[in-house]
Amino acid sequence: MDFLSLFTLYVFFLVLCVSLFCCLSGGTPGGLDSIFHRAEEVISLVLPAWLQRCIHCCFHTRSGAFVFLHLILDTLVFAEYTWEILGYSLELEMNWMLVFLPYFLITVNLYYFYKCCTTDPGRVTKQNESLCTRVYAYDEIMFHRGNECPTCLLMKPARSKHCGVCGSCIQRFDHHCVWVNNCIGALNIRHFLLYLLSLTLTAASLAAVITAFLLQVVLLSHMMTAAYVDSEGHEEIMSLAYVIQHLFLTFPRIVFTLGFLFLLLLLLGGYTGFLWYLSLTNRTTNEWCKARRISGSTKSYSRGIVGNLQEIFQPYTHCKKER
């Protein structure tokens, strides 16, 4: 199997795994929900009981497994970057600010990652129930006055939702994120947005440095103007495919890391842009999914771009003060 076929297979497998993970961890609206539920039932017939328990623990209960996985992936990527890319880049006299930028960005990212994991997302309790119900008006379409949470036995504030994983109702519920082992709600959505943005910029800076390094290697070795003799004895000019294959054979870990970063940028960048779009229009992921299943118009909570951002970065703290 040649390099391009192997790399295409690698990317396809990675995209498939990430897509399945997103569907299982975040839930999918509409008919796909039942499809994945049936798929889980079929898979459960062939998986051993201990593996089923592990999957259930990871996706349906609070677990630090993906927090540790997140940190392990960060460590592996930066270990490879420090071990190979950093030294080579400094030897090639690349701009040192660009080379060290990923370290600054990952520090910022880890700070917001910690804040996402530890900040109260806005839990509704008996002590703050009456105050939380006054923060947002009921639209009587998605959120109805007088609805009681059968689990918490509390009146559900508008824009809230009971999280089955965390076991509590969350003010301005967006979604439950397994990567931070916490819900994303009114009091930590700002940390989550900055976490996503800093993670996207970290991946972009790493990809930029690695790409610049590989381009430097190609230019300094005059690889694009080189020639080779094929199996029939004819002299051929190096094509782009052969250049990439040569780079892969010379720097296999670097090229695979770059492929992973490009894929991460594609998925993470799209999700980050989508969540920022929802925030600028003052909607949550939960409301976006609900609106797709409701016929007719729904009430908008938008207060304009400036007002929406102010609501996110200076959230209502009535519920927090009364806890």
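No value in this document is a laboratory result; all are computed from the given coordinates. Not measured: the values here are computed from a predicted model. Cβ sites come from the backbone with ideal geometry, for glycine too, and all protein chains shown count toward neighbours.
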Built amide H within the under 5 Å cut-off of residue 122, gap 5+
187
Please find the FRET efficiency linking residue 223 to residue 13, where r is the Cβ-Cβ separation and R0 is fixed at 30 Å, and quote it to the nearest 0.05.
0.55
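Output the pairs from 115/161; 115/156; 115/299; 126/299; 156/290 with a Cα-Cα distance over 23 Å in this structure; if there are none, say none.
Violating the 23 Å Cα-Cα cut-off are 115/156; 115/299; 126/299.
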P(r) tail for region 67-164, what percent of Cα pairs lie past 21 Å?
58
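Give me the extension gain from residue 240 to residue 147: residue separation times 0.36 nm, minus the current Cα-Cα distance, reported in nm with one decimal. Mind dumping the intermediate values first?
Numbers: separation 93, 0.36 × 93 = 33.48 nm, distance 6.20 nm.
Fully extending the segment from residue 240 to residue 147 adds 27.3 nm.
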Projected label distance in nm at residue 215 and residue 274, using a 7 Å step from Cα toward the beta-carbon
3.0
Ellipsoid equivalent to region 61-321 - semi-axes via the Cα gyration tensor, in Å
49, 19, 16
What list of ³J(HN,Hα) couplings, whole Hz, do you get for region 88-93 from phi and the Karplus terms 6.51, -1.76, 1.60, once you set θ to phi - 60° and write x for glycine and proline?
4, 5, 5, 5, 7, 6
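Full extension from residue 69 to residue 310: what is 0.36 nm times the residue separation minus their Cα-Cα distance, to one decimal in nm?
Working: separation 241, 0.36 × 241 = 86.76 nm, distance 3.30 nm.
Result for the pair: 83.5 nm of gain on full extension.
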